[in-house]
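For reference, the structure discussed in these notes is given below.
Throughout, read-outs are computed from the coordinates displayed, never taken from laboratory work. Since we're looking at a predicted model, the values are computed, not measured. Neighbour counts run over all protein chains shown; Cβ positions are idealised from the backbone, glycine included.
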Amino acid sequence: MPKITFFNLANADSIRVDLASGKKILFDFADRHAPDDDKELRCDLPAELRKDLGKRKNFDVVAFTHLDNDHYDGATDFFYFEHIKKYQGDVDGKPRIKMDMLWVPAAVITESLGHGDDVEAKAIQKEARERFKAKAGIRVFSRPGRLQEWCDENGVNLDERMGLVTDAGHVAPGFSREDDGVEFFVHSPFAKRQDENTVEDRNNDALVMQATFVVDDVETKLFLASDIEYGIIEDIVEITENRDRKERLEWDIFKLPHHCSYKALGLDKGENKTVPVPNVKKLFETYGNDGGVVVSTSETIPVKGDDRDNQKHANPPHRQAAAYYSQEVADPKDGEFKVTMEHPSAKKPEPLVIEIDEAKATVVLAEITGAAAVISKTAPRAG
Amino acid sequence: MAKDMNFISPDGVLVDVDALVLPRAKQCAVILASGILNFTRLLECRVSESGGRHEILVIEVDVQRPQKRVHDIHSCERIAVIFDESDSQIPETLSLREDFPRVAHLNLRRHEKPRSLCLEERPWDDMKLDWTVPGHIELIRSWLSRTSRGELHQPDQPLEPLLFGSGYHIVIPDDVTRPEAGGGQQKLHIVLRGTTEEGRVLVARHLADAPKDAGGLAFASLTLECGPVVHGVIWSCPETIQELIALVIDVGLDLRDQLLRGLTGLQQDDAKSLDSGLVLIIRFLKQRDVDQKIEAIETKAFLTFSTVRDIGVALGCWAIHDGHAVPFVGGDMPSPNGEGIPIITANVHHTLTPSGAAYLNGRDFEEPVKVAAIGAGALGSQLQMNLARAGFGQWTIIDDDWFFPHNIARHELNKFAVGQNKALGVAAELNCLHDGEQIASMLPANILRPGGMEELVSRSLNEADVILDAAASVPVSRHLAKHASNARRVSVFLNPTGTDLVLLAEDKDRRVRLDCLEMQYYRLMATRAEMAHHLELPAGQVRYGLGCRDLSSRMPQDLLSIHAGIGSRAVQTTLASNDARLEVWQVDAPAMTVSSVNAEPMEVFWQEHPGGWLCAIDKHVLQRVADLREANLPNETGGVLIGAYDMASKIVYVVDALDAPPDSEQWPTLYVRGSDFLAERIAKIEKATAGRLVYIGEWHSHPDGCPTLPSGDDVKVFSWLTQHLAVESKPALMLIAGQHRASRLFLWEIADKPEELS
């Protein structure tokens, strides 16, 4: 049974997709756990991932949807970088986890990283570039032409590497409904933006996909929206509708963009509820299936008038956006609106697991108490 | 999040958690109020004093439910859990949602709402042992979750009962509950057998079968059928005929109409019927879902102690004038519907038939095997009872022995049989198992000396499909082996200490006869290490004669019981196959583990010889001499033959061949059998088999190209043998093994050429 795990990392993303075939795909990685903080509620992502991997030492695919640090934090202390020697040795006595295949949007290769960007972003970029040069272990999502300039500058023959590049509007190679019970359709980065913009914008050039899971002929669709803003969503809806591929806009599970930011819905945050622009409204309200699950990978939702809410330029999540998703998207569908840091409770959040079967998506609400709780965790130190 | 919806208000008055006194309610409230559980919240506590103290917790639970739902279960449901002061049942769990769907596993209460969730099949007393608050909450959440998926009732799970029992049970003759067997209307005699605080057991028989002096009451019975009814909702038991009529009308039974007709029939039939009680037997045809096949039938009895006369009045069937029932005619018929006639719902138990017994034993029932059972001793009686309980066999028990008090220690019979013939006692017990036709008859005969019963004994052996010998007697087995009956023989007996059970079973075509299997069993004893202690005697006991089946007088019943269990299973599995079987089960007494030793029964050749002698030799011996011959070529070789005599029937059984003693002389055209260690080897065999296997003759081989006919020297050896054995009236026996693994056997005298064997 396919399973999707959203890790509780506050305003950061890491989502693991487990397929019935045993393949594992990780979208983004952000180790933000502060082990010495008693009040820490974010999960220890490397520990969670290692617990799940068991003896396994690899992911079939690791996708970095864009190079913001809430999507890669700590990656150089966890993954094995094929092309960077210093990121190959053990970490705390544990072997690094291999990324059999790396998925990145073109910007990860082409953007020029400056002083503001940390060594980890640079490491991921170097790894992606070297893999691309080596023609192994990478897929770049882009209109091919977008890579031309960088290839020319770096003496890389793009024609020889066309097989490593997948444009928007296509299905990512390597997974099929038949063999894996899933296919990944690429929505972004798409050509219109890539043609228009001269200045690269990470969030809006991020990797956006719709995954369709098939179990006993029943489809369940997951929309992974990274950190894109409303304008990109409008474009995605428009382009996809124009190409008559409305089924690619449908969703049963929606990973909200940018930690429940109002900017994914429209320009105006609103007093109590954000009003989305028409095409965004359509994506959420029309293309969402009954009983669908909306997931905000974010901090808890602020309450009106609290410190976070009162900030002038408040960071996400925004309660007005949450009100929209909860009241106008989830409720009318008799679905669910879930916030990673509030599941199962804000006091003690845990990774949110969605199982997929012939009854489509089920948010797992497992109460683990007593002895079961004791044996599922490492015991405190004894004297 | 909870949506706007209507909730049913539970009973009782609002109280604080502190005001709760029932331990489970309090524990539950405290834990929920602490907020430690993620998916459950305590909304309020209530106390009701109606019908004893009840403490009610109103809670809200989050439900794990799939996107695609079979039943409309909400992500958050409001539930009342009612703790009862008596703590005698699982706390009742109600959905307070007004529009909670009607689904499977609900208890039907007098009021349809709030709906009552049937959480567990396990008895509450059992659940109490590991009851915890989170565990109970999880039961509720899991019930809701699985209901939302439509998975609460698994496809391979049996259907739910329609009605929970009331504590009353009634045993009813099998034919009364089956309409096709003439159910309909019957006259029954019902006695009250068992009474406890919690229930009553009633036993019904046909009125005609009831003994005159038996207490009890006469009842008229009416068997009806209704349905189909989709299982899932569990009804509460109706308390009056009126309620029953209302209950079954929804599942297609116009009970009032049926009763009117039935009662009128009874009245016309027999005036005495008016004074009898009434039992309604209703067969509910159950299906898993609408449009699915009838998967099970639930039969319930509804008894009323009101008389047919009063019921008729209550149903408007007739009026009573001067003690007579006067039917209503024409338009003045009122239409009351049984108001005020109380009824009791009883679980129906059918009397057991052999086919029912077979089913309950996990067997396919076939036409009963006709068994002539010889010996109704400790093992025999228990074995016969085991088999009969499994619905196996149509029995003739043959034994002339008496049942004495000491037999009780290890016998199927009890002190009431003391002084009776064992066969009589066992046959009577077997016939007490089931209703209907008798499954056992008996002959109080000694099989070896039947006297005046010879014809009866012979007939029962001849008519049997199987002769099951549990007489623990070699002469009986030999006698049975030679009897003219075509029935397949199966012999079971114990070793002297009772640790081992032996089964010797002929093949269906009787190619390997019981007496030959006996010989192969001796060979097993003589050759297999596991059998070393097989014939050991109990401490302090001395063997006399050839008593390898002597039973100790001190032997634990538990060993016998184990062997009777193994034996009854082995008899069934053996008869299911056409092959012969030779197997010994050994109980390692301290550990009580059982292991088995067996040998494949070998094909037997019978040959007639001069002097009226018969010889039985099996393939094992022929293979053995052929192997030894080939191993010693080009030299001749030989040795002695081991076997047994049946002097009375002039039979020699050749069971084994020993190889050449070390001091033998072996040349290409000459063999002289030595004697070093020979006596010791034979003594060892005799000891291992309690003297059943002895020296019987000589064998030697001839080289290739030389016939298996005696040479001049061989003739001399033969006359030397004759000379020595004549004293015991035993025949000389010589076997010559030749080329192509063929052998020839000479017995009594060397006259014409017996056929070669291979």
Worksheet item: With point charges of +1 on the Cβ of Lys and Arg and -1 on the Cβ of Asp and Glu, referenced to the Cα centre of the protein assembly as shown, which listed residue (B:132, B:685, A:346) lies farthest in the positive direction of the dipole?
Response: B:685
Item to complete: Taking amide H positions as placed in the peptide plane 1.01 Å from N, state which residues far from residue B:319 in sequence (5 or more) or on other chains have amide H under 5 Å from it.
Response: B:326, B:328
Discussion item. Antiparallel versus total DSSP beta bridges in chain A: what percent is that, nearest 5?
Written reply: 55 percent
Worksheet entry | Hits among lysines - C-alpha to C-alpha of residue B:26 under 20 Å, sequence gap 8 or more where chains match | B:128
Worksheet item: Which residues' amide hydrogens lie under 5 Å from the amide hydrogen of residue A:215, considering only partners 5 or more residues apart or on another chain, with H built in the peptide plane?
Response: A:220
Discussion item. With angles folded into 0 to 90 degrees, how steeply does helix B:712-725 sit against the dominant principal axis of chain B? Use alpha carbons for both and round to 10.
Written reply: 70 degrees
Discussion item. Taking a ≥ b ≥ c as the square roots of the Cα gyration tensor eigenvalues, with a/c under 1.5 meaning rounded and otherwise prolate when a/b beats b/c, else oblate, which class fits region B:216-301?
Written reply: prolate
Worksheet item: Relative to a virtual label point 7 Å from the Cα of residue B:14 in the Cα→beta-carbon direction, which members of region B:45-66 show backbone nitrogen distances below 17 Å?
Response: B:45-48, B:56-60
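Quick check on the exposure proxy: order A:306, A:73, B:400 from fewest to most C-beta atoms within 10 angstrom.
A:306, B:400, A:73
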Worksheet item: Using the Kirkwood radius built from alpha carbon pairs, what does the Stokes-Einstein equation give as D for chain A at 10 °C and 1.306 mPa s, in µm² per second?
Response: 74 µm²/s
Practice prompt. Can you spot the aspartates and glutamates whose alpha carbon is less than 17 Å from residue B:730's alpha carbon? Ignore those fewer than 8 places along the same chain.
Written response: B:608, B:646, B:698, B:749
Worksheet item: Are there GluC sites (Glu not before Pro) in region A:6-82 that DSSP marks as loop and that have at most 16 other Cβ atoms within 10 Å, and which are they?
Response: A:40
Worksheet item: What residue among A:230, A:115, A:256 has its Cα farthest toward the positive end of the dipole of chain A, where the charges are +1 on Lys, Arg and -1 on Asp, Glu, each on the Cβ?
Response: A:115
Discussion item. Quick check for me: using +1 on Lys/Arg Cβ and -1 on Asp/Glu Cβ, what's the dipole size of chain A about its Cα centre, in debye to the nearest 20?
Written reply: 840 debye
Worksheet, complete the sentence: Percent antiparallel among DSSP beta bridges confined to the protein assembly as shown, rounded to 5, stands at 65 percent
Practice prompt. Just order B:20-26, B:322-328, A:107-113 by mean Cβ neighbour count inside 10 Å, highest at the front, would you?
Written response: A:107-113, B:20-26, B:322-328
Practice prompt. Please give the contour-minus-distance gain from residue B:667 to residue B:214: 0.36 nm per residue of separation, less the Cα-Cα distance, rounded to one decimal in nm.
Written response: 154.1 nm
Worksheet item: If you bin the C-alpha pair distances of region B:196-238 every 5 Å from 0, what whole percents do you get?
Response: 5, 11, 16, 17, 15, 17, 11, 6, 2
Worksheet, complete the sentence: Of every Cα-Cα pair in region B:258-337, the percentage lying beyond 19 Å is 46 percent
Fill in: Spatial separation of Cα centroids for region B:555-593 and region B:695-747, in angstrom
41 Å
Fill in: Euclidean distance between Cα centres, region A:4-63 to region B:605-666, Å
80 Å
Discussion item. Whole angstrom only: what separates the Cα centroid of region A:153-177 from the Cα centroid of region B:368-440?
Written reply: 85 Å
Fill in: Pairs of alpha carbons in region A:121-264 whose separation is greater than 25 Å (percent)
32 percent
Worksheet item: Where a ≥ b ≥ c are the square roots of the eigenvalues of the C-alpha gyration tensor, would you call region B:66-132 rounded, which needs a/c under 1.5, or, failing that, prolate if a/b is larger than b/c, or oblate?
Response: prolate
Response to the item:
With -39,500 (n - 2.57) per DSSP H segment of 4 or more residues and division by the full residue count of chain A, the 222 nm estimate, nearest 500 deg cm²/dmol, is -5000 deg cm²/dmol
Item to complete: Using the structure shown, list the pairs from A:246/A:360; B:212/B:286; A:23/A:133; A:24/A:360; A:126/A:246; A:126/A:347 with a Cα-Cα distance above 28 Å, or answer none.
Response: B:212/B:286; A:126/A:246; A:126/A:347
Response to the item:
The exposure ranking of B:75, B:595, B:148, B:473, fewest beta-carbon neighbours within 10 Å first, is B:595, B:473, B:75, B:148
Item to complete: Relative to the longest principal axis of the C-alpha atoms of chain B, give the angle of the C-alpha long axis of helix B:422-431, reported between 0 and 90° and rounded to the nearest 10°.
Response: 30 degrees
Worksheet item: Roughly what would the spin-label model give for residue B:431 and residue B:631, points 7 Å off Cα along C-beta, in nm?
Response: 6.0 nm
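When Cβ neighbours within 10 Å are restricted to other protein chains, what is their mean count per residue of peptide A:364-376? Walk me through the numbers on the way to the answer.
Details: counts 1, 10, 5, 14, 2, 10, 4, 1, 1, 1, 0, 0, 0.
That average works out to 4.
Using DSSP to call loops (not H, G, I, E or B), can you name the trypsin sites (Lys or Arg not before Pro) in region A:284-341 whose Cβ has at most 13 other Cβ atoms within 10 angstrom?
Here the trypsin sites (Lys or Arg not before Pro) that fit, given the DSSP loop and packing criteria, are A:304, A:312.
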Response to the item:
For region A:157-171, Karplus-derived ³J(HN,Hα) couplings (6.51, -1.76, 1.60; θ = phi - 60°; whole Hz; x for glycine and proline) come out as 7, 5, 4, 6, 10, 4, x, 8, 10, 10, 8, 4, x, 10, 9
Practice prompt. Compare the Cα positions of A:157, B:404, B:91 along the charge dipole of the protein assembly as shown (+1 at Cβ of Lys, Arg; -1 at Cβ of Asp, Glu; about the Cα centre) and return the one farthest towards the positive end.
Written response: B:404
Worksheet item: Which order do A:81, A:141 fall in if you start with the one that has the fewest other Cβ atoms within 10 Å?
Response: A:81, A:141
Discussion item. Test of understanding: in a Gaussian network model of chain A with alpha carbons linked when under 10 Å, which of A:205, A:307, A:217 would top the mean-square fluctuation ranking?
Written reply: A:307
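Report the Stokes-Einstein translational diffusion coefficient (µm² s⁻¹, integer) for region B:563-634, Rh taken as the Kirkwood radius over Cα pairs, at 10 °C with viscosity 1.306 mPa s.
D = 100 µm²/s.
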Item to complete: Within region B:736-757, which residues have the backbone N less than 17 Å from the label spot 7 Å out from residue B:511 along Cα→beta-carbon, could you tell me?
Response: B:757
Worksheet item: When the Karplus curve 6.51 cos²θ - 1.76 cosθ + 1.60 is applied with θ = phi - 60°, which whole-Hz ³J(HN,Hα) does each residue of region B:489-500 get, with x for Gly and Pro?
Response: 9, 10, 10, 10, 7, 9, 7, x, 8, x, 7, 10
Item to complete: Using only the Cα atoms of the protein assembly as shown, build the gyration tensor, take square roots of its eigenvalues as a ≥ b ≥ c, and label the shape rounded, prolate or oblate: rounded if a/c is under 1.5, else prolate if a/b is larger than b/c, else oblate.
Response: oblate
Practice prompt. Give me the compactness ratio for region A:228-383, meaning the Cα radius of gyration over 2.2 N^0.38 Å.
Written response: 1.20
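I'd like the FRET efficiency for residue A:92 and residue B:164, computed as 1/(1 + (r/R0)^6) with the beta carbon distance as r and R0 of 56 Å, rounded to 0.05.
That gives a FRET efficiency of 0.40.
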Response to the item:
The ³J(HN,Hα) series, computed from each phi in region B:734-741 with the Karplus coefficients 6.51, -1.76 and 1.60 at θ = phi - 60°, rounded to the nearest Hz and given as x for glycine or proline, is 9, 10, 10, 9, x, 4, 6, 6
Worksheet item: Taking chain A as a Gaussian network, Cα atoms linked when under 10 Å apart, which of A:359, A:30, A:323 shows the biggest mean-square fluctuation?
Response: A:359
Practice prompt. May I ask for log10 I(q)/I(0) of chain B at q = 0.05, 0.08 Å⁻¹, from a Debye sum over the Cα atoms as equal point scatterers with solvent left out?
Written response: -0.47, -0.86
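Before rounding to the nearest 500, sum -39500 (n - 2.57) across all DSSP H runs of length at least 4 in chain B and divide by the residue total; then give [θ] at 222 nm in deg cm²/dmol. Present the calculation step by step, with values, prior to reporting the outcome.
Values: 16 runs with 185 residues, N = 758.
Computed mean residue ellipticity for chain B: -7500 deg cm²/dmol.
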Worksheet item: If the cut-off is a Cα-Cα distance under 18 Å, which lysines reach residue B:482, setting aside same-chain residues fewer than 8 apart in sequence?
Response: B:508, B:650
Practice prompt. Go ahead and collect, in residue order, the members of region B:502-536 whose backbone nitrogen is under 15 Å from a label point 7 Å along the Cα-Cβ direction of residue B:594.
Written response: B:502-504
Worksheet item: Can you flag which of B:113/B:300; A:55/A:333; A:282/B:113; A:94/A:122 are past 30 Å Cα-Cα?
Response: A:55/A:333; A:282/B:113
Worksheet, complete the sentence: Relative to chain B, whose Cα atoms define the longest principal axis, helix B:557-576 and its Cα axis are tilted in degrees, nearest 10, by 80 degrees
